[in-house]
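The values are calculated or read from the model by the stated rules, or taken from the named source; none is laboratory data. Since the structure is predicted, the reported quantities are computational estimates derived from the model, not experimental observations. Every residue, glycine among them, receives a Cβ derived from its backbone with ideal geometry; neighbour counts consider all protein chains shown.
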Amino acid sequence: MTATIEDARIDPEEIRDSAQRLLADMVDRRAGWEARPDGAAALDQAMRELGWYQLIAAEAEGGLGQRFDVLAPIYEELGRSLAPVWLSGTMATIDALYATVSAAAEQLVAAVLENGWRMAVVTLAPGQSLAAASAPMVGGAPDATHFLVIGDGEAPPLLVAADAPGVSVTEVTSWDLGRSYGAVEFSDVRNVLFRLEGDDVLPVVRAHSELALACDSIGGASQCLSETVDYMLGRQQFGRPIASFQALKHRAADHKVAIELARSLVSHASRQFAVRGDGWAVLSAQARILACEAYAAMAEDCVQLFGGVGFTWEYDAHLFLKRALVNQIIGGSPDDLRDRIVGDVCQRAQTARL
Amino acid sequence: MTDNDQLSGLRTEIRDWLAHNLPADWRDRQGGDNTAGFLAMQREWFTKLVEGGYATPHWPKEWPGGGRSLAEQIVMFEELARGGAPRMSLFFVSLYHAAMTLIECGTDAQRARHLPAILKGEVWCQGFSEPGAGSDLAALRTRAERRGDRYIVSGQKIWSTLGHFADQCLLLVRTDSSGAKQAGITFLLMDMKSKGIDVRPIRQITGDEEFAEIFLDEVEIPVENLVGQENEGWKVAQVTLSSERGLTLVELTERMALSLWRLVDAATQGTGDTGMLDRSVARSLVDISARIEAMRAMLATLMANRMAGREAVGDASILKLAYSRLSRDFTALGLRLQSFAAMRDTRYVLGAGYETGNWMFDFLNSYQYNIAGGSNEIQRNIVSERVLQMPREKLG
Ligand SMILES: Cc1cc2nc3c(=O)[nH]c(=O)nc-3n(C[C@H](O)[C@H](O)[C@H](O)COP(=O)(O)OP(=O)(O)OC[C@H]3O[C@@H](n4cnc5c(N)ncnc54)[C@H](O)[C@@H]3O)c2cc1C
């Protein structure tokens, strides 16, 4: 039995390979910045044809029965290519549906795959509910057919159709012009498509969303570092490449260390989450904190290391910077994450005491 | 610094003057994606400042508004900042870089031609940097060849602040490539309407078009536009680069101190209720306020030293580095506090200092202090090598 399950496992590195090929082909990372069509719909279609949306759904629902470990490289490559699409809302919803205790959830997964529904996760502020709420910046909201609404309390996450009465979505022009964002408002929304009951549902939505952003950030940070190093090797001042100045080399080295450290935690957290192994909920939040911090620091320094051209619209340094800064706060700021997990962190520390 | 009676008199005078002259709606008029409004408001305000005698305190006393002490100049910048007046962005290079270069190194004819014109609103830009010569400015390659009574100039300048609005340009060119790279540089004044000039604005990281590229194709510049001697332009350029004598930092620091309330506002979601402040935010606010006060204090000390003729090597670099790092951290804190609002609202007000109300804009904009006019890294080289006397890295 075990052998067959393991045989059916897709090698994450194969997925990475095919993601790299697809994205190299289809992503024009400056599209949104130059007011060109962003190709998000075509890319989404290609992702669907490649079966990415099926990956973690069960075979009974027409899925491929995989785990989070095959999504991690996809998220990372999306980040590296500065892709215009949001995959994680839909995937986190599928993941969460399997964490519910209801059989109806499986039918919903089948419907998501069949109808090509696209989900965005809306995080309500304390005190808000479907009766009255506004979320100022939700990734992927303009293209979402449904919202998975989560709060900070005990209430189960709710699935709401984007066209339900009382739901309104306004496209938001953010500084990150490479991806779509929307402001979502709820006013007296009564039509709830599904209540996702179950102890693990909220933690699963969160962990999946945090890890998707963490992977995206690792991909973006690595790409940013590699383009920065290339620029430093090519740019000559004082008769030599600026890459030969020790003060600059050491900064690049520090970024490399921060990125690799974060990458290690992201991989570990992704594996733990994939098998719901020990500590997955805390690890995924920790992974996002480190990965987003490494990305923001890298991208901030990238602008400085490029000098005058870093201060322009024409060069790509700011694409990374603006995305890194949004990655850091979307769906919850680093401080929100810290506050959320500090209790668990302390408890684990006390339990592990010698 | 404590004022004597004369300085406090000046403060009162400027406050009164501002009360009568500052257009209350200047932010709306020069803000947003509105170049015409920016130019019109800047010109209107500049004219008022010149009339009031507050535009040229640093000029010699034979010029209108001139002959003020450095202490008075500082008071003026402080009061204009405190009164919420717009910054003089469009005319800054004219009033400082161009005017001071002409006053110290120009000919009588050049001064007679340009200083009155500057008072009437002639806009200048600085054409020093080139694609291949940024930190290593002396590597510049724009060629000037003398033919009779003209120089024929070809090459490319880049990053010229407001170059696309300029009437005149302070231009560094190469007239000799045989010796040390600093030795063959010449300083010229270039009329931006000359034939062969193509100016293209460059879009900045903020989306704003605030600097420009200048392409020069056989541009003719009369020899009387030479400043100083041929091949001795490097010395003149140093005068240009130190012409604002730290006053920009006085102004910017004052404006930052006066914008601290915006951080409190963002931290309290506009309620002003500091009792509810998050602890870690509260501590960050204290740290930033301490650094702003320190910056003010250091400026006061170093400006006083400067007035007393006791300026030390590297002082300017220490100030610039301290300020540029502070500007990054100050705006980064605003970004953290304003959160989503900073990510979405892209409204900005040109020339408003830290008053655009959008912390992402201010954060991105703060890179200019960290890159332009000698980057942080170059300032660190100066502090370590010239102040701390560490050995130099081998440079080409
Ligand atoms: C907003 C803005 C306005 C400007 N306005 C003007 C203007 O009006 N007129 C004008 O002439 N110029 C202007 N400049 C140009 C500015 O002075 C240059 O951008 C600056 O000198 C840096 O040069 P660079 O861009 O070529 O970067 P580079 O010199 O290529 O630097 C790239 C990176 O290498 C680092 N580096 C370079 N040399 C060393 C070294 N020896 N040791 C360690 N690190 C090093 C730099 O610090 C930077 O991080 C402006 C620039 C900006 C951003």
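With respect to the conditions (1) in contact with a strand residue (DSSP E or B) (Cβ under 8 Å, 6 or more places away or on another chain); (2) within 13 Å of chain B (Cβ to nearest Cβ), A:LEU248 lacks only one, and its number is (1). Listed conditions (1) within 16 Å of the ligand (Cβ to nearest atom); (2) closer than 25 Å to B:PHE128 by Cα; (3) modelled with pLDDT of 95 or more are all met by B:ILE318, apart from (1).
With respect to the conditions (1) assigned to a strand (DSSP E or B); (2) within 13 Å of the ligand (Cβ to nearest atom); (3) aliphatic (A, V, I, L, M); (4) more than 21 Å from B:LEU39 (Cβ to Cβ), B:VAL199 falls short on a single one, namely (4). Output the number of residues of segment B:357-396 satisfying the condition of being closer than 30 Å to B:VAL264 by Cα, more than 8 Å from chain A (Cβ to nearest Cβ) and in contact (Cβ under 8 Å) with a residue 60 or more places away in the chain. Matching residues across segment B:357-396 total 5. Just a yes or no: is a residue in segment A:225-234 under 20 Å from A:LEU321 (Cα atoms) and away from the ligand (no atom under 16 Å from the Cβ)? Scanning segment A:225-234 turns up at least one residue that is under 20 Å from A:LEU321 (Cα atoms) and away from the ligand (no atom under 16 Å from the Cβ).
For segment B:165-175, the criterion of being surrounded by fewer than 24 Cβ atoms within 10 Å (Cβ to Cβ), of a type outside the set (A, V, I, L, M), over 20 Å from the mean Cα position of the chain (by Cα) and assigned to a helix (DSSP H, G or I) is met by no residue.
Could you please let me know if B:ILE197 is more than 17 Å from B:CYS105 (Cα to Cα), among the hydrophobic types (A, V, I, L, M, F, W, C), away from chain A (no Cβ under 14 Å) and surrounded by fewer than 23 Cβ atoms within 10 Å (Cβ to Cβ)? Spelling it out, B:ILE197 is indeed more than 17 Å from B:CYS105 (Cα to Cα), among the hydrophobic types (A, V, I, L, M, F, W, C), away from chain A (no Cβ under 14 Å) and surrounded by fewer than 23 Cβ atoms within 10 Å (Cβ to Cβ).
With the structure loaded, tell me whether A:VAL149 is under 25 Å from A:ALA274 (Cα atoms), of a type in the set (Val, Ile, Thr), away from chain B (no Cβ under 14 Å) and not in a loop (DSSP other than H, G, I, E, B) or whether it fails that test. When the stated conditions are applied, A:VAL149 passes them. Of the residues making up segment A:33-44, those that are more than 18 Å from A:ARG118 (Cβ to Cβ) and either assigned to a helix (DSSP H, G or I) or in contact (Cβ under 8 Å) with a residue 12 or more places away in the chain (or both) are A:TRP33, A:GLU34. Quick one: would you say B:GLY65 is free of Cβ contacts under 8 Å to residues at least 24 places away in the same chain, away from every other protein chain (no Cβ under 14 Å) and either surrounded by fewer than 19 Cβ atoms within 10 Å (Cβ to Cβ) or away from the ligand (no atom under 16 Å from the Cβ) (or both)? So B:GLY65 fits the description; yes. A:HIS268 meets the conditions (1) part of a helix (DSSP H, G or I); (2) within 14 Å of another protein chain (Cβ to nearest Cβ); (3) not hydroxyl-bearing (Ser, Thr, Tyr) in every case but one. The failed one is (2).
Taking segment B:355-396 and the helices (runs of 4 or more DSSP H) fully enclosed by it, the elements with 2 or more residues that are more than 10 Å from the ligand (Cβ to nearest atom) are at B:359-365.
Exactly one residue out of A:ALA155, A:ALA183, A:ALA161, A:ALA247 is within 16 Å of the ligand (Cβ to nearest atom), hydrophobic (A, V, I, L, M, F, W, C) and surrounded by fewer than 19 Cβ atoms within 10 Å (Cβ to Cβ): that is A:ALA247.
The residues in segment A:250-292 that are within 16 Å of the ligand (Cβ to nearest atom), closer than 19 Å to A:ARG323 by Cα and small (Gly, Ala, Ser) can be counted, and the count is 0.
Based on what the data block shows, is B:ARG255 within 19 Å of the chain's Cα centre (by Cα), part of a helix (DSSP H, G or I), at pLDDT 95 or above and not polar (S, T, N, Q)? For B:ARG255, the condition - within 19 Å of the chain's Cα centre (by Cα), part of a helix (DSSP H, G or I), at pLDDT 95 or above and not polar (S, T, N, Q) - is not met. Residues considered: A:LEU22, A:LEU108. Of these, the only one that is modelled with pLDDT of 95 or more and more than 26 Å from A:VAL160 (Cα to Cα) is A:LEU22.
Being in a helix (DSSP H, G or I) and either more than 14 Å from chain B (Cβ to nearest Cβ) or crowded, with 23+ Cβ neighbours inside 10 Å (or both) is a property that A:ALA299 has. If you filter segment B:287-338 down to residues that are among the polar types (S, T, N, Q) and surrounded by fewer than 19 Cβ atoms within 10 Å (Cβ to Cβ), you find that the one that is farthest from B:LEU258 (Cα to Cα) is B:ASN305. Being more than 8 Å from every other protein chain (Cβ to nearest Cβ) and buried (at least 23 other Cβ atoms within 10 Å of the Cβ) is true for just one of A:ALA352, A:ALA324. Which residue is that? Matching residue, one of A:ALA352, A:ALA324: A:ALA324.
Filtering segment B:169-184 to residues that are more than 13 Å from the ligand (Cβ to nearest atom) and away from chain A (no Cβ under 14 Å) leaves B:ARG174, B:THR175, B:ASP176, B:SER177, B:SER178, B:GLY179, B:ALA183, B:GLY184.
Checked against the criterion of being more than 14 Å from the chain's Cα centre (by Cα) and either closer than 28 Å to B:LEU188 by Cα or surrounded by fewer than 22 Cβ atoms within 10 Å (Cβ to Cβ) (or both), the candidates B:LEU102, B:LEU95, B:LEU90 yield just one match: B:LEU102. Listed here are the strands (runs of 3 or more DSSP E) enclosed by segment B:109-161 that have at least 2 residues being within 16 Å of the ligand (Cβ to nearest atom): B:124-127, B:150-161. Does A:GLY307 satisfy being more than 21 Å from the chain's Cα centre (by Cα), more than 16 Å from the ligand (Cβ to nearest atom), in a helix (DSSP H, G or I) and of a type in the set (Gly, Ala, Ser)? The answer is no for A:GLY307.
Annotation: of all residues in segment A:213-241 being free of Cβ contacts under 8 Å to residues at least 24 places away in the same chain, away from chain B (no Cβ under 14 Å) and not aliphatic (A, V, I, L, M), the one that is nearest to A:ALA120 (Cα to Cα) is A:SER226. Residue-level check: of (1) within 30 Å of B:GLN42 (Cα to Cα); (2) among the basic types (Lys, Arg); (3) in contact with a helix residue (DSSP H, G or I) (Cβ under 6 Å, 6 or more places away or on another chain), B:LYS195 misses just (3). Scanning segment A:302-321 for residues that are among the charged types (D, E, K, R) and facing another protein chain (nearest Cβ under 8 Å) turns up just one, A:GLU314.
How about segment B:274-286: which of its residues are more than 14 Å from every other protein chain (Cβ to nearest Cβ) and surrounded by fewer than 11 Cβ atoms within 10 Å (Cβ to Cβ)? Hits for segment B:274-286 are B:GLY275, B:VAL286.
From the residues in segment B:210-227 that are in contact with a helix residue (DSSP H, G or I) (Cβ under 7 Å, 6 or more places away or on another chain) and within 12 Å of the ligand (Cβ to nearest atom), which one is modelled with the lowest pLDDT? Step by step, filter segment B:210-227, then rank; the result is B:PHE211.
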